[in-house]
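One structure is given below, encoded as C-alpha cells.
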Amino acid sequence: MNQIPGVSLPPCAPRFTPKQGQYLAFIYAYTQVLGRAPAEADLQRFFRVSAPSVHQMVLTLERAGLIQRQPGVARSIQLLVDPQALPILKTQPVKTSVSRY
C-alpha cells in the first residue's frame, strides 16, 4: 500500500470481535497478574459460560491466529496480539444467590 506524503492512516481495525477481544484481554490480564496463562476453567469461571463454549472460543482464537497453544501442555495459551490493541476488560456482574424468607 502506498503512503500519501503528509497523511497518516488510522491504525488497522482490530481483527477480532468484541467478545473475542474480551477473551483476549482476560488472557493478557491473567498472564500479567499471575505470571502464567489461564486454564480454560479460569476462562469459564470469569465469563460464566460452559466448558464447551470456552473451548470453542479458544479454538476460534487459535484458528484466527490471535493465540497459540502447545498441544498437551496445560496453560500454554500465548497471546499473538499487541496488548495495546486489546479492549479494556469489562468486569462481570456478580450474581448472588441470597434466599428471601
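The values are calculated or read from the model by the stated rules, or taken from the named source; none is laboratory data. Everything numeric here is computed off the predicted structure, so don't read it as measured data. Backbone-built Cβ (ideal geometry, glycine too); neighbour counts: all protein chains shown.
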Checklist outcome for this item: If we ask which residues in segment 19-78 are charged (D, E, K, R), touching a residue at least 12 places away in the same chain (Cβ under 8 Å) and assigned to a loop (DSSP other than H, G, I, E, B), their number turns out to be 3
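Being modelled with pLDDT of 95 or more, in contact with a Ser or Thr (Cβ under 7 Å, 6 or more places away or on another chain) and not charged (D, E, K, R) narrows it down to one residue among A37, A64; which is it?
Only one candidate qualifies: A37.
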Next on the checklist: Quick test of your reading of the structure: P52 fulfils all but one of (1) more than 11 Å from the chain's Cα centre (by Cα); (2) closer than 17 Å to L89 by Cβ. Name the failing condition by number.
Outcome noted: (2)
